Amino acid sequence: MRSEGSHVLRRIVQITPRVSKMQVSRSKDLMSGTDAKLLGLDEPWIGLNREVRSAFRLDLDHSFPSWDALRFELEQLPLPCLPHVVVGFEDENGVVERPHAIYLLPYNSGVWFSDDPRCRKNIMSLWRAVHAGITKSLLPLGADPGALSNPGRIKNPLSPFWSFRTWNETTFPNLSTWAEWVDTGTNRDTMIRESAAALAGSSRNASNLLFSLFQTWSYQTLRDLNQAQDPAYMQAVERKDSDAIAEILFRTLVGRASAESDKPKQAQAILYRVTTYAADHWDANRCSRDASRDRGACADEVDGITGTSARQVHGARYAAALRKSRSAALIQEAIVSAKAAGEPVTKSAIARRTGLSRPTVHAGWPVGV
């Protein structure tokens with residue numbers, strides 16, 4: 001087991017919840033439970049303990065030429081230490097794609113998040129502020145501010161699917177130390193706009209125009225999905241899964257957004273940030289039919305099934321199958337377009353072209369291509 005050789009990796013085991021509350025996945029789209037923690041720790045995606053938060057996850061939305069290049073970039077940042085573990089996909093050329101950088105708090109220094117009146121709200125606020133401050137410091141490396149909405153879902157360094165590096169097993173700053181190094185007054189919405197402009201390589205004004213346009217599209221699409229009771233959307237709403245809502249939005253709008261600009265890749269970069277922003281701020285209850293709760297996801301499919309758990313399992317499978325079908329169609333279209341343009345048809349290239357994660361592309365790759 002990977003954790004046997006590293007104190008930091010053993011900490012990852014320690015800060016995942018017990019099996020009854022553990023959430024794992026083969027992709028970041030749909031998390032589910034597991035029968036055994038040992039087996040769950042092999043999965044590519046895992047959820048850390050949300051009630052006692054002991055780590056900061058930074059989602060770096062860039063590809064780096066090598067691990068050494070990534071480490072050099074991290075060493076230039078004005079932070080108290082290197083990440084304790086960095087995990088991502090390493091392709092056949094040594095390129096590290098969209099890694100997660102994970103910083104751990106000292107042992108037994110996790111922050112309790114609860115509605116319990118004994119829970120200290122000021123410490124929870126400081127944890128969030130530090131996380132946002134670290135994200136701001138890593139914006140030059142592609143840190144995604146949208147990931148602040150779901151801080152516990154990580155690429156699992158214990159999984160054989162990913163490559164990883166442990167560059168720091170000695171220095172574990174506490175919250176007070178972090179607060180001395182990062183800007184704890186960071187505004188998340190401003191960060192999202194700045195990161196969109198940086199990804200797009202465009203001026204602030206040009207980026208803001210596209211940001212505002214795509215934001216209008218996103219909220220209208222969300223209203224349409226809600227009115228139509230789209231099964232995948234409804235499942236995401238029921239799970240309060242803003243990442244899944246953002247992915248549905250991106251897939252729906254990516255073609256339209258690409259056609260809006262003479263720089264399609266830059267437009268896609270802005271759309272990625274906008275859909276994350278919109279999904280995180282969306283309140284489905286405000287436009288639901290009874291103004292209190294969204295209902296009706298694949299109602300015909302679950303008719304006659306008794307028990308909430310059984311209906312949820314059926315609905316989750318229905319939504320997963322629908323997403324898989326849509327992703328497969330998107331992948332096939334991208335392969336055809338890449339071949340027509342004379343571009344290389346690799347899984348990494350198709351992931352970049354579609355905006356899907358590489359694990360999703362790998363899972364939906366057509367036979368014989």
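The values are calculated or read from the model by the stated rules, or taken from the named source; none is laboratory data. From a predicted model like this one, the values you see are computed outputs, not experimental measurements. Note that we place each Cβ from the backbone using ideal geometry, even for glycine, and neighbour counts take in every protein chain shown. For accessibility, only protein heavy atoms count, side chains too; no ligands or nucleic acids. Shrake-Rupley method; radii C 1.70, N 1.55, O 1.52, S 1.80 Å.
Residue separation times 0.36 nm, minus the C-alpha to C-alpha distance between ARG256 and LEU209: what's the value?
Gain in length upon complete extension: 15.4 nm.
Filter the cross-link list LYS37/LYS136; LYS136/LYS263; LYS37/LYS265 down to pairs whose alpha-carbon distance in this structure exceeds 32 Å.
Those over the limit are LYS37/LYS136; LYS37/LYS265.
Given labels modelled 7 Å from the Cα in the Cβ direction, how far is it in nm from ASP91 to GLN229?
If labels sit at ASP91 and GLN229, their model points lie 4.3 nm apart.
Under 22 Å between alpha carbons, and skipping anything fewer than 8 positions from LYS324 in its own chain: which lysines qualify?
The reachable lysines, counting only those whose Cα sits under 22 Å from LYS324, are LYS28, LYS155, LYS240, LYS347.
Hey, rough spin-label estimate for SER337 and GLU180, points 7 angstrom out along Cα→Cβ, what's it come to in nanometres?
5.0 nm
Mind checking the range 59-166 for trypsin sites (Lys or Arg not before Pro) that DSSP puts in a loop (not H, G, I, E or B) and that have at most 16 other Cβ atoms within 10 Å?
Filter output for the range 59-166: ARG118, ARG120.
Could you tell me the accessible area of SER114 in Å² (1.4 Å probe, neighbours in place), rounded to the nearest ten?
Only protein atoms counted, so the area is about 40 Å².
Assign one of three labels to the range 1-134, namely rounded, prolate or oblate, based on the Cα gyration tensor with a ≥ b ≥ c the square roots of its eigenvalues; rounded applies when a/c is under 1.5, prolate when it is not and a/b is larger than b/c, and oblate otherwise.
Here the range 1-134 falls in the oblate category.
Quickly work out the THR216-to-ASN285 label distance, labels modelled 7 Å from Cα along the C-beta direction, and quote it in nm with one decimal.
Taking the two extended label points, one gets 3.0 nm.
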